[in-house]
Amino acid sequence: MGTPLLDRSLNWFYAAGISAITERRVVGMARVTDAVTVLVGGDGGHTTHHDAATTGGLHQVVGPTWAAKRPATSHIGVQTCTGTLHLGSAAVGCVREIQMQDHDAAIAHLHRVDPVLARLIDAHPGFDPRAWLKELPSLDAFGALVFQVIGQQLSVAATRRILARLQDLFGGELPTPAALQAARFEDLRRVGLSRRKIDTLHAVAAQFADGSLREEDLRDLSDEEIEVRLTRIPGVGPWTVHGFLIIALDRTDVVLPGDLGLRKALQRIYRFDHLPTPAEALEIAQPWRPYRSLATAYLFASAFGNLN
C-alpha cells in the first residue's frame, strides 16, 4: 500500500471533537510542514492509519480520543509543526495550530503578491472569512447547494429572505433531500422560488436522496472534479459550484469571476474605469493562487461592509 501525494484540504479533520478521520488526501498540511507520514482511510465505522514512517502496517483507530491499537515499537502520528503528533487529546490543539499557520501563510502570500489587496488586509486585522456563515443555518453539502441555487441571480439579502421562508415552511429547519422532494410545488413557489429553481432543487435533492451524490464522496474529489460532477445537474453552473466549494468544503483556491458583487468590488478597489469582465477578474486573481478563496472573501466582505 503506497503513500499517495498529499494534495487536498484539511477538511478531513472534523471540527467538532475530531471523533474520526475518513479517507482524504491533504493539501494544507504540506504547506505547513515538510513531512507528512500518515495516510488515513476507513469506512466510517472503523478508521485505519498507515504509518509510512515506521512499520508500514495498518493500525485500527477508534473512539473520540483517537486511541490507537499499535505495536509497542511503533507509533502512529504525523510530523507537524509541533513535532510528531501521537494520536490523543493533543490532536485538537495541533490541528488548530496547523490551520492558523496555514491562514498566516495565506495572508503572507497575498500581501507579497498584491499590494492593493495588502492594503485591504492591513486595514482589517483579525478578519474572519467565514464569519458571515454564522448568520445562516448550519449548511451541509446539500444545504450549501440549496443556498447557492436560491442565490442565483439574486442579492445576498434576497437569498437570505427566501432561505428563511424555506426554513419556516419546514418547521424552522432546512429540508432534507427527501422532504424537499415531497414538498408541494405551490408551497415552494410561495417562498419565492422560481419554477426553474424548483426543478433544479428537485434534481439536486433526488441525487442526494438516492445516494448518487454524497458529501463524503464529494470531499474526496478535486475542485475541478466536483465542478464537472455537479454541473451535470440541469440548472447548476460554475457560479453555483464555486460558492459550494467555499461554503461547504472550505476549499482554499476558489474565485467567482462572474459574480457581479465581486466584479464591482474589484472595480472600486483596483480603480477600474469600467466593470471588469470575468476574464479580467481571473487575471487579477491569478497571483493569489493557491489562496484565491481568502482574497475573494476580503473582496466580498468589502462589498457588503462586513470586514469588521
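Only one of the numbered conditions (1) part of a helix (DSSP H, G or I); (2) over 16 Å from the mean Cα position of the chain (by Cα); (3) not hydrophobic (A, V, I, L, M, F, W, C) is violated by Gly171, and that is (1). For Ser222, the conditions (1) more than 16 Å from Gln152 (Cα to Cα); (2) in contact (Cβ under 8 Å) with a residue 40 or more places away in the chain; (3) surrounded by 15 or more Cβ atoms within 10 Å (Cβ to Cβ); (4) out of contact with any Gly (no Cβ under 8 Å at 6 or more places or on another chain) all hold with the exception of (3). If you go through segment 129-140 and pick out every residue that is exposed (fewer than 15 other Cβ atoms within 10 Å of the Cβ) and part of a helix (DSSP H, G or I), you end up with 3.
Scan segment 250-261 for residues that are at pLDDT below 95 and among the aliphatic types (A, V, I, L, M) and report the count. Of the residues in that region, 1 qualify. With a requirement of 3 or more residues that are under 14 Å from the mean Cα position of the chain (by Cα), the helices (runs of 4 or more DSSP H) lying completely within segment 208-271 that satisfy it span 215-219, 223-230, 238-249.
Scanning segment 141-164 for residues that are part of a helix (DSSP H, G or I), surrounded by fewer than 17 Cβ atoms within 10 Å (Cβ to Cβ) and over 19 Å from the mean Cα position of the chain (by Cα) yields Ala157, Ala158, Arg160, Arg161, Ala164.
One line per residue, one yes/no per condition, for (1) modelled with pLDDT under 95; (2) in a helix (DSSP H, G or I); (3) among the basic types (Lys, Arg):
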site	(1), (2), (3)
His103	yes, yes, no
Arg119	no, yes, yes
His124	yes, no, no
Phe127	yes, no, no
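For segment 261-286, filtering for residues that are under 17 Å from Trp239 (Cα atoms) and surrounded by fewer than 12 Cβ atoms within 10 Å (Cβ to Cβ) leaves 1. Within segment 217-242, the only residue that satisfies the criterion of being among the small types (Gly, Ala, Ser) and over 19 Å from His202 (Cα atoms) is Ser222.
For segment 184-209, taking the residues that are surrounded by fewer than 20 Cβ atoms within 10 Å (Cβ to Cβ) and aliphatic (A, V, I, L, M), the one that is nearest to Arg232 (Cα to Cα) is identified as Ala203.
The values are calculated or read from the model by the stated rules, or taken from the named source; none is laboratory data. Keep in mind that what you see is a predicted model, and the values were worked out from it rather than measured. Cβ sites come from the backbone with ideal geometry, for glycine too, and all protein chains shown count toward neighbours.
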